[in-house]
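Engineer: Before I ask anything, here is the structure I am working with.
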């Protein structure tokens, strides 16, 4: 697992760089107002995706790992689910555009064309979510990361070619959909190659039993994932309601920069989840989870300190004076983001043990805290109030997750937070490997 995590993390660092450059390019091209519109549409589409996917991506990882159902069946069930979800999403967007679903000022500034362009990415996002889940369950974690990095590099090139001459939210949303399509195409080609190599059938195969099993497993964590995603993104709509669309654009920069710290814990949890699913209730799965938590927290703290130190001047220089307000919101967000890195890793252990309902409970409690504080703080302090509400919620979520992990594993607080002797050896080994790579770059 260590080797996979290290390689995936290094690829993730590259992807992180591409993501930051993309964010800078889109923000500078569109300005706060345009970036606000772009953020609201992408968040709306992402909320639809999270609400309607029913956890089948996680189920594909779970059953793809234990091979209870053939991979081909899981793939074609995913295709069918994607078609159904896309139809439902179309009806929802049609209702919003026609006014049958009133959302008031939460989508202020967003026109119908922007919503339709956003919707065009939803089928691609859905199928990619399911396919990546399957490929991760098949233990192709590193390859998925490499393909994503390559696809996002190509997407960045498209942004440079098309967005800079035509800096509008509509062009940006169309390119967002194109980027997702490129990632999906790369994953599909790899899946077909793996399937042909294993001599499995590519012809359509569906199974009601596999679909029911997928829903049964996925729905346990689905509501929690939906609540957690709302916890991350609902505040953008409340900022739009209480403040302005431009404020959404500024806040989106703070949130995006802060959430890049989750690249570490996200990588570790992506590797940990299928491992725990395969190992089950064993001392090895507990050891891996605790070590991942400690290492993830250590690295996230280091990165958080670095971002906090440079944020006051770096945001202004890199994004422009129009986004200078993002630096304060970012610094308020960082403590909560660092704390939640622990919860992200340990929740993967809980889900891998087949008990995602505990994660669901934590997510809803956290969402309730966020919404309550948002309604109180955003009208007073604007985006800084939204950042403070999120930090408080993230810290509460982490405390609850650590308690659940303790009850399931018997591990103590120091086991998940404080690096031990072996961790320091691992850190020294990783630094040595990185230093060995430096000469090869010249």
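Engineer: Cβ neighbours within 10 Å, averaged per peptide: list 353-361, 264-272 in order, most packed at the top.
Structural biologist: With the highest mean Cβ count within 10 Å placed first, the list reads 264-272, 353-361.
Engineer: If you count, for each residue, the other Cβ atoms within 10 Å and average over each peptide, how do 153-159, 337-343, 389-395 line up from highest to lowest?
Structural biologist: Descending mean neighbour count gives 337-343, 389-395, 153-159.
Engineer: For the chain, what are Rg and Dmax over the alpha carbons, in angstrom?
Structural biologist: That works out to 21.1, 62 Å for Rg and Dmax.
Engineer: Could you let me know the centre-to-centre spacing of region 249-322 and region 124-180, using Cα atoms, in angstrom?
Structural biologist: 20 Å
Engineer: Let me ask something else about it. Please state, rounded to one decimal and in Å, the Kirkwood hydrodynamic radius that region 195-277 gives when every pair of distinct Cα atoms enters the mean of 1/r.
Structural biologist: Result for region 195-277 stands at 16.8 Å.
Engineer: In whole Å and largest first, what semi-axes does the C-alpha gyration tensor of region 273-386 yield when each eigenvalue is scaled by 5 and square-rooted? Show your work: numbers first, answer last.
Structural biologist: On the way: eigenvalues 225, 80, 16 Å².
Semi-axis lengths for region 273-386 are 34, 20, 9 Å.
Engineer: Something else: Can you tell me which of 19-29, 207-217 comes out highest on packing, and rank the rest after it, using the mean Cβ neighbours within 10 Å?
Structural biologist: 19-29, 207-217
Engineer: Take the alpha-carbon centre of region 344-390, take the same for region 72-94, and report the distance between them in whole Å.
Structural biologist: Each part reduced to its Cα centre gives a spacing of 28 Å.
Engineer: Now a separate question. Take the alpha carbon atoms of region 65-213, find their radius of gyration, then divide it by 2.2 N^0.38 Å using N residues; give the quotient.
Structural biologist: That works out to 1.22 for region 65-213.
Engineer: If I model a spin label as a point 7 Å beyond the Cα along the Cα-Cβ vector, how far apart are those points for residue 158 and residue 66 in nm?
Structural biologist: That separation, rounded to one decimal, is 3.8 nm.
Engineer: Also, quick follow-up: Please report, in whole Å, how far the alpha carbons of region 368-424 spread along each principal axis, starting with the longest.
Structural biologist: For region 368-424, the Cα spread along each principal axis is 47, 26, 9 Å.
Rule-based calculations on the coordinates, nothing more; no lab input. The structure presented is a predicted model; accordingly, all values stated were derived computationally and were not measured. Heads up, the Cβs are rebuilt from the backbone with ideal geometry, glycines too, and the neighbour counts pull from every protein chain shown.
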